[in-house]
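The values are calculated or read from the model by the stated rules, or taken from the named source; none is laboratory data. The structure presented is a predicted model; accordingly, all values stated were derived computationally and were not measured. A quick note on method: Cβ atoms are made from the backbone with ideal geometry, for glycine too, and the neighbour counts reach across all protein chains shown. With ligands, DNA and RNA removed, areas are computed over all heavy atoms of the protein, side chains included. Shrake-Rupley method; radii C 1.70, N 1.55, O 1.52, S 1.80 Å.
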Amino acid sequence: MKLPVSETNAPVWRDITVISELPEQLKPLNELAKNLWWVWNSEAKTMFRSLNPDLWRATGENPVMLLQQLSSERLEEILADKDMMERISAIYKDFKEYMAVPMRKDVPSVSYFSMEYGLCNCLKIYSGGLGVLAGDYIKEASDSCVDMTAVGFLYRFGYFTQTLSVDGQQIANYEPQNFNQLPIEQVLDHNGKPMILEVPFPGRIIYSHVWRVNVGRMKLYLMDTDFDMNSEFDRQITHQLYGGDWENRIKQEYMLGIGGVLMLQKLGINNRLYHCNEGHAALLNLQRLVDYVQKDHLDFNTALEIVRASSLYTVHTPVPAGHDYFDEGLFGKYMGEYPAKLGISWNDLMNMGRENPNTNERFSMSVFALNTCQEANGVSWLHGEVSKKMFAGIWKGYSWEESHVGYVTNGVHMPTWAASEWKAFYAEKLGKQVFVDQSNPDAWKGIFKVPDEEIWNMRMTLKNKFINFVKRDFKAKWLANQGDPSQVMSILDRINPNALIIGFARRFATYKRAHLLFTDLERLDKIVNNEQFPVQFIFSGKAHPADGAGQGLIKRIMEISRMPQFLGKIIFLEDYNMIVAKRLVTGVDIWLNTPTRPLEASGTSGEKAEMNGVLNFSVLDGWWYEGYRFNEKAGWALTDKRTFTDQAQQDKLDAATIYSMLENEIIPLYFAKNSKGYSPEWIQYIKGSIGDIAPHFTMKRMIDDYISRFYDKEAERCNSLCADNFKLAHEIVAWKEKVISLWNGIKVFDIKQHGELTSSVTGNPFKVEIIVDTNGLGEDLGIEMVTYRIEDGEEKFEGTRNFKVIKTEGDVLTYELTSKVKDAGVFRYGFRMYPKNPALPHRQDFAITRWI
């Protein structure tokens with residue numbers, strides 16, 4: 001027998017995680033690390049960094065991982081450092097005092113649902129602006145003591161990290177998160193074991209763990225299906241944000257909406273209002289309808305009144321193609337059991353998600369949200385107008401101008417996005433009350449009294465901090481991915497603090513038009529290579545892995561940045577995340593934004609720049625359409641007027657305008673420096689930007705707007721509907737059912753017009769009488785004159801004038817309108833009947849009309 005040279009089986013490895021055990025005196029650090037209050041408290045964040053600066057950077061600014069990896073020697077050093085221990089104690093005391101402030105009782109409680117949240121860099125449950133906005137919002141809810149609970153997902157892989165190949169091709173890397181190393185806590189049941197949420201799906205139960213993120217005084221609860229009680233097919237639900245096929249998407253949205261409501265119930269949380277941040281979570285109202293029908297024994301229509309009155313839908317998407325639609329077959333696979341639970345037909349349910357009922361349209365989550373939410377809003381004034389047009393087909397009897405869809409312009413959480421240096425500066429120069437009263441412009445007026453030199457020194461401090469960040473953090477990445485080490489060092493050496501640095505960072509979708517700057521490379525060459533007036537451009541951003549055009553833009557920018565004339569003048573920072581974003585919006589001189597109007601619903605990166613004395617140069621779209629008007633000498637704008645219908649021609653014109661404004665306005669202004677090395681005119685722009693614009697775009701202003709425009713009035717109406725065992729809700733439903741049963745029996749007997757309306761002179765009076773058999777509706781039937789102005793071949797809504805009832809004979813009513821011709825022009829008018837009830841929140845709540 002020949003002996004084998006070697007024989008063994010495959011190794012059987014077992015994982016073990018070894019973490020540092022904190023001494024008793026340092027246990028407050030654990031509590032601080034597990035509450036994201038440290039994200040916007042500069043003292044706490046700086047304290048964590050100082051425990052081990054290199055480890056802080058290596059962990060991606062993750063205090064939980066930092067504490068787990070501190071060596072025993074370092075822990076002993078901290079314990080022996082009296083100043084450090086006093087510092088920890090003082091910060092912990094501030095934290096406990098912050099947490100002890102009670103929630104407001106004058107604002108209704110809210111459950112907030114969102115697919116993503118951008119709270120800090122180390123918690124990868126966001127992809128971009130929508131998530132960062134949601135994260136900022138719940139931070140402000142904490143600061144403003146609004147009783148809000150947030151619902152979302154804990155993604156195993158989150159959104160991708162980005163690397164670039166040598167030729168500039170984006171590489172998407174999905175890296176699993178170790179939940180035990182994140183600033184989160186697993187929710188346990190009464191036995192001390194992980195809570196298991198059971199969500200009924202067709203033919204099976206899907207199980208979810210529940211994790212809690214402490215966001216100051218706020219709680220964010222995250223569902224996680226990635227464990228062995230679920231099949232591999234279902235574990236993937238919480239693998240990736242916006243990942244997988246349409247079936248995985250509907251499972252995610254089922255889990256977020258229906259599972260999210262069930263989770264809140266299991267946690268014993270019963271808030272008054274439900275806020276749906278985008279249409280992804282719209283199915284939350286389907287589960288709420290089921291609960292009212294099955295638990296409160298309400299009929300479907302009464303349940304719908306209650307659900308609608310307590311729901312708000314915020315839309316962030318300005319084009320119909322950006323909304324989620326599901327084929328009827330796929331939707332039926334997952335929702336087929338719900339009509340029976342609600343006592344309605346399958347067609348009834350499908351129609352709730354169709355703009356045109358009783359057709360073969362796919363089920364739209366946005367239409368369902370609009371049909372189950374009393375209120376809806378866009379995220380800037382302009383986006384509100386765009387949304388009215390986009391959704392006009394749902395309420396066909398009314399023009400888009402009459403829509404109830406409102407708006408709240410997005411803001412940013414100033415304590416998160418203002419640099420720690422600026423926050424200390426504001427506290428000293430404006431007083432600490434500015435943080436409490438951020439949305440009050442008067443609180444910021446002190447900035448105009450600050451000496452110019454101090455503003456300039458602050459800007460240069462942040463600029464140098466940014467440059468040092470780039471040289472330190474990107475040197476290794478560039479050496480690894482960009483081939484030639486000498487070229488990398490040349491780029492780093494050419495980053496110039498004396499140059500005008502212009503930043504452009506965002507998601508690389510084609511409508512963002514990152515390519516505009518490169519329309520005329522010869523002209524751009526002259527701009528960036530003017531030795532007397534040096535200019536540099538910094539780009540950063542990710543393209544969706546399925547967006548080939550967006551990835552092509554990144555590749556093209558990388559190619560241009562390596563041309564000899566642009567080396568070190570055009571720079572791309574890879575893996576755009578919250579850390580890179582913070583450094584950019586605090587460190588560059590100008591924030592450039594060039595979207596195709598009106599496709600920028602709001603945009604918030606420019607608002608973050610405002611908090612740091614960085615000036616905006618942007619298309620008049622989204623938030624800047626409003627912001628620029630507060631002070632037109634505090635930034636620059638590309639016109640909102642369109643010259644060409646052909647987009648390529650418009651792009652060329654806009655690019656030429658950008659070059660011209662840089663050459664003739666912006667660059668000369670920046671370099672008009674005095675003997676102290678700065679431009680006094682530039683400082684005036686900065687002061688105007690901070691003093692006149694920034695206060696209007698804080699998250700404090702935004703949450704105040706949501707409270708005053710939506711939360712308060714919805715809560716008041718919902719309370720009245722629910723009072724006395726849903727008495728008013730039952731009455732409204734009975735009235736609506738009566739109207740529907742009688743509507744087709746209404747007869748118009750006569751229309752009498754006194755005074756000429758086919759052609760007239762301004763100031764001329766006219767009178768119209770309409771005699772109607774109301775079929776029993778009486779004065780619940782309203783009639784109005786609707787007028788459109790004809791201009792340039794287009795109809796523009798002019799307004800309405802209401803008729804008054806002047807005579808009643810049984811069911812026959814005579815309506816009269818007496819008025820005058822006010823304006824000259826060409827008009828079109830008509831007479832519209834509609835049901836009237838003061839208990840309705842707005843016309844679109846019961847959008848039945850008839851033209852006569």
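In terms of its alpha-carbon gyration tensor, region 49-117 comes out oblate; a/c meets the 1.5 threshold, while b/c is at least as large as a/b. Scanning the chain for GluC sites (Glu not before Pro) that sit in a DSSP loop and have at most 15 other Cβ atoms within 10 Å, the longest stretch containing none of them is 22-336. Taking the charge dipole of the chain about its Cα centre, with +1 at Lys and Arg Cβ atoms and -1 at Asp and Glu Cβ atoms, the residue from Tyr788, Val535, Val826 reaching farthest to the positive side is Val535. Each of (i) 56; (ii) 60; (iii) 70 is a candidate for percent of Cα pairs over 35 Å apart; the one calculated from this structure is (i). Against the chain, whose longest principal axis comes from its Cα atoms, helix 712-743 is set at around 40 degrees. Scanning the chain for chymotrypsin sites (Phe, Trp or Tyr not before Pro) lying in DSSP loops with no more than 12 further Cβ atoms inside 10 Å, the longest uninterrupted stretch between such sites is 14-643. Per-residue ellipticity at 222 nm computed for the chain from its helices equals -11000 deg cm²/dmol, with DSSP H segments shorter than 4 residues left out and the rest contributing -39,500 (n - 2.57).
Quick one: grab the alpha carbon gyration tensor of region 562-689, order the square roots of its eigenvalues as a ≥ b ≥ c, and give me rounded if a/c is under 1.5, else prolate or oblate depending on whether a/b is larger than b/c. Here region 562-689 falls in the rounded category. Taken about its Cα centre, the chain carries a charge dipole of about 780 debye when Lys and Arg each add +1 at the Cβ and Asp and Glu each add -1 at the Cβ. Under the criterion of Cα pairs below 8 Å and six or more residues apart, the relative contact order for region 81-185 equals 23 percent.
Accessible surface for the chain, divided over its residues, is 41 Å² per residue with a 1.4 Å probe.
Mind running the shape call on region 213-348? Use the C-alpha gyration tensor, a ≥ b ≥ c as the square roots of the eigenvalues: rounded below 1.5 for a/c, prolate if a/b tops b/c, oblate otherwise. Judged from the Cα gyration tensor, region 213-348 comes out rounded (a/c under 1.5). Between Asp296 and Ile269, the simple spin-label model (points 7 angstrom out along Cα→Cβ) gives 2.0 nm.
Starting from the Cα of Leu330, step 7 Å toward the Cβ, then list every residue of region 363-381 with an amide N under 11 Å from that point. Once the point is set 7 Å along Cα→Cβ of Leu330, 363 turn out to lie under 11 Å by backbone N, inside region 363-381. Put a dot 7 Å past the Cα of Asn631, heading toward its Cβ, do the same for Glu247, and the two dots end up 5.7 nm apart. Antiparallel DSSP bridges in the chain: what percent, to the nearest 5? The antiparallel fraction comes to roughly 60 percent. When the trypsin sites (Lys or Arg not before Pro) in region 243-300 are filtered for DSSP coil states and for at most 12 other beta-carbon atoms within 10 Å of their beta-carbon, the remaining sites are Lys295. Full extension of the chain between Leu669 and Val12 yields a length gain of 229.8 nm, computed as 0.36 nm times the residue separation minus the alpha carbon distance.
Taking each of Lys445/Lys608; Lys526/Lys673; Lys512/Lys569; Lys465/Lys641; Lys727/Lys836; Lys449/Lys633 in turn, the alpha-carbon distance tops 28 angstrom for Lys465/Lys641. Each of Tyr511, Ser114, Trp37 was placed along the dipole of the chain (beta-carbon charges, centred on the mean Cα), and the one lying farthest toward the positive end is Trp37. The trypsin sites (Lys or Arg not before Pro) of region 382-440 that meet both conditions, a loop assignment by DSSP and at most 16 other Cβ atoms within 10 Å of the site Cβ, are Lys396, Lys432. The accessible surface of region 273-330, taken with every protein chain in place and a 1.4 Å probe, is 52 percent carbon and sulfur. For Lys477, the aspartates and glutamates whose Cα falls under 19 Å of its own Cα, not counting residues fewer than eight places away in the same chain, are Asp54, Glu61, Asp167, Glu175, Asp493, Glu559, Glu574, Asp575. From the alpha carbon centroid of region 510-540 to that of region 45-111 is 42 Å. When only the Cβ of Lys, Arg, Asp and Glu is charged (+1, +1, -1, -1), the dipole of region 515-618 relative to its Cα centre reaches about 120 debye. Centroid-to-centroid, using Cα positions, region 778-813 and region 260-292 are 39 Å apart. Positive end of the dipole of the chain (Cβ unit charges, origin at the Cα centre): among Gln647, Phe469, Thr302, the Cα lying farthest that way belongs to Phe469.
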